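See below for the structure under consideration.
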Amino acid sequence: MNPAVQPSEPFFRHFAWLILITVVICFGAKAVFDTADLPPITPLHHLHALSMLAWFALFAIQPTLIDRGHRHLHRSLGRWSPVLVVVMLALGVQISLLNWQRIGFPLIPAANLVNLLLFIGLYSAALIYRRAPAAHKRLMLYATLAMTGPAFGRIPELFDADPVMAVPLILAYQIAPVLHDFLVHRRVHPASWIGFGLMLAAVPVILGLAGSAEWAEFLTRVLGPPAGSP
């Protein structure tokens with residue numbers, strides 16, 4: 001990828017902080033205003049929440065460090081990010097297992113699996129292109145967006161609405177980097193096209209998987225039947 005775009009772009013710092021604030025508000029509102037539907041909170045849930053918050057906070061801090069000229073600290077934190085990623089993903093898998101056992105809704109593990117694979121792929125690509133700033137920050141942005149589904153999914157739950165209600169907001173966040181590239185640079189960086197394209201392609205995969213009887217049978221066979229199943 002040709003990093004033709006200038007490395008210093010305030011959009012990425014502002015958007016990273018917006019994502020962090022959005023995630024905190026969505027989960028916070030769920031915890032405050034919809035306590036009746038919360039699962040039994042365990043230490044595992046607290047660790048999962050802390051690890052996810054640490055990732056979104058790190059993602060917001062990193063472009064801020066670059067814009068403030070602290071490149072050495074940015075690189076130092078980046079070297080430790082794989083440790084956080086391993087912890088975050090391991091805890092996320094455990095939470096997905098608990099969700100399946102509690103409610104048995106095939107859409108959740110389907111979305112979690114596809115988004116997990118998206119995150120790993122985009123995050124790995126971002127590390128590979130860490131010396132190409134324009135590609136690196138766009139790939140890291142889309143890797144992070146792949147993890148925001150649970151936060152956006154809390155919005156319909158607050159209003160007892162159809163989960164589809166969250167789709168316009170999700171799409172708005174996903175297309176924002178593409179629009180930024182086009183409006184500011186008159187060209188869309190290949191990394192933005194790749195990230196956005198993968199996000200769109202993931203939707204039919206998730207829906208197709210979730211609606212498949214074979215997927216539900218696989219989950220039951222591998223993870224066990226959900227609570228209340230005969």
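Residues that are crowded, with 18+ Cβ neighbours inside 10 Å and either touching an Asp or Glu at 6+ places or on another chain (Cβ under 8 Å) or hydrophobic (A, V, I, L, M, F, W, C) (or both) were ranked within segment 109-131; the one that is farthest from Gln62 (Cα to Cα) is Ala110. If I ask for residues that are under 16 Å from Pro133 (Cα atoms), among the aliphatic types (A, V, I, L, M) and not in a helix (DSSP H, G or I), which ones from segment 154-194 would you list? Within segment 154-194, Val188 is the sole residue that qualifies. Checking each residue in segment 208-230 for being free of Cβ contacts under 8 Å to residues at least 12 places away in the same chain and part of a helix (DSSP H, G or I) picks out Gly208, Ala213, Glu214, Glu217, Phe218, Thr220, Arg221, Val222. Restricting attention to segment 40-57, the residues being part of a helix (DSSP H, G or I) and surrounded by fewer than 18 Cβ atoms within 10 Å (Cβ to Cβ) number 10. Evaluate segment 59-76: report whether one residue or more is out of contact with any Gly (no Cβ under 7 Å at 6 or more places or on another chain), among the basic types (Lys, Arg) and part of a helix (DSSP H, G or I). Looking for residues that are out of contact with any Gly (no Cβ under 7 Å at 6 or more places or on another chain), among the basic types (Lys, Arg) and part of a helix (DSSP H, G or I), one finds at least one in segment 59-76, hence yes.
Quick grid of which residues meet (1) within 16 Å of Val114 (Cβ to Cβ); (2) loosely packed, with under 14 Cβ neighbours inside 10 Å; (3) touching a residue at least 12 places away in the same chain (Cβ under 8 Å):
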{"position": "Arg138", "(1), (2), (3)": "no, no, yes"}
{"position": "Leu145", "(1), (2), (3)": "yes, no, yes"}
{"position": "Gly149", "(1), (2), (3)": "yes, no, yes"}
{"position": "Arg154", "(1), (2), (3)": "no, no, yes"}
{"position": "Leu169", "(1), (2), (3)": "no, no, yes"}
{"position": "Gln174", "(1), (2), (3)": "yes, no, yes"}
{"position": "Val178", "(1), (2), (3)": "no, no, yes"}
{"position": "Val184", "(1), (2), (3)": "no, yes, yes"}
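Looking only at residues in segment 106-135 that are in contact (Cβ under 8 Å) with a residue 40 or more places away in the chain and outside any helix (DSSP H, G or I), the one that is farthest from His48 (Cα to Cα) is Ala132. Just for segment 136-182: of the residues that are more than 19 Å from Met52 (Cβ to Cβ) and of a type in the set (Asp, Glu), which one is farthest from the chain's Cα centre (by Cα)? Among residues in segment 136-182 that are more than 19 Å from Met52 (Cβ to Cβ) and of a type in the set (Asp, Glu), the one farthest from the chain's Cα centre (by Cα) is Asp160.
Read-outs throughout are calculated quantities, based only on the coordinates presented, and are distinct from any laboratory measurement. Keep in mind it's a predicted model, so treat the numbers as computed, not measured. With ideal geometry, Cβ positions are generated from the backbone for all residues, glycine too; neighbour counts draw on all protein chains shown.
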